[in-house]
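Just so it is clear, none of the values below were taken in a lab; they were calculated from the coordinates. Note that this is a predicted model, so its numbers are computed, not measured. Ideal geometry is used to build each Cβ from the backbone, glycine not excepted, and the neighbour counts take in all protein chains shown.
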Amino acid sequence: MKILDIADIASGAGLPPSTLRYYEEIGLISSIGRHGLRRQYEPETLMKLSLIALGKAAGYSLQEIAGMFGKSGEPVLSRPDLHARADQLEQQIHELTVLKNAIRHVADCPAPSHMECPTFRRLIRLAGKRSPAKRKPPRRSGR
């Protein structure tokens, strides 16, 4: 069995060793031993770190990600929860697309000032009505 030390894992995952030590401390990954003071890992740790990075990119907390691994370290993923997260991401993409288009409009608007632009004023009113406290929680999908 090939064994990788913490420097190899850090380099392969693009993470500082301190992050690996923290992930080990909270139980996301585990070393298989030490060579001197250097922690040693199985090569599969790189795949697990990729899954952790994917989970973080999808907006999961480290605690939520930790709950996605079974006792053997293999991913145990709830399909309904994944569908719900995909729905949340889809909503976020929609909101960000609207925001991007609004910013582009403001950047290109021929009005003498932004406050004279009717579209800009409408966007400001809409933004005020969409405060985070007023947003509806995403629907959970039963797919």
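Charge tally around D5: other residues with Cβ under 12 Å, Lys/Arg +1 each, Asp/Glu -1 each, net +2. Using the Cβ of S31 as centre and a radius below 13 Å, the other residues enclosed give a net charge of -1, where K and R count +1 and D and E count -1. Placing unit charges on the Cβ atoms of the charged side chains and taking the dipole of the chain about its Cα centre, the candidate lying farthest along the positive direction among L99, P110, A86 is P110.
For each of M68, M115, M1, M47, count neighbouring Cβ atoms within 10 Å of the residue's Cβ, then give the residues from fewest to most.
Going from sparsest to densest Cβ surroundings: M1, M115, M47, M68.
Per-residue packing, averaged as other Cβ atoms within 10 Å, sorts the ranges 13-24, 99-110 into the order 13-24, 99-110, beginning with the highest.
In straight-distance terms, cross-link reach from K129 covers every one of the lysines whose alpha-carbon lies under 22 Å from its own, apart from those fewer than eight places away in the same chain; here that gives K100. Each Cα pair under 8 Å and six or more residues apart adds its separation to the average, and for the chain the resulting relative contact order is 19 percent.
When only the Cβ of Lys, Arg, Asp and Glu is charged (+1, +1, -1, -1), the dipole of the range 4-66 relative to its Cα centre reaches about 120 debye. Within the chain, the whole DSSP H helices whose Cα atoms reach 30 Å or more along their own axis and whose mean Kyte-Doolittle score is at least -1.0 are 79-108.
Taking all Cα pairs closer than 8 Å and separated by 6 or more residues, the relative contact order of the range 4-66 comes to 31 percent.
Between beta-carbons, use under 10 Å as the cut-off and find the net charge around A58, counting Lys and Arg +1, Asp and Glu -1. Local charge sum for A58: +1.
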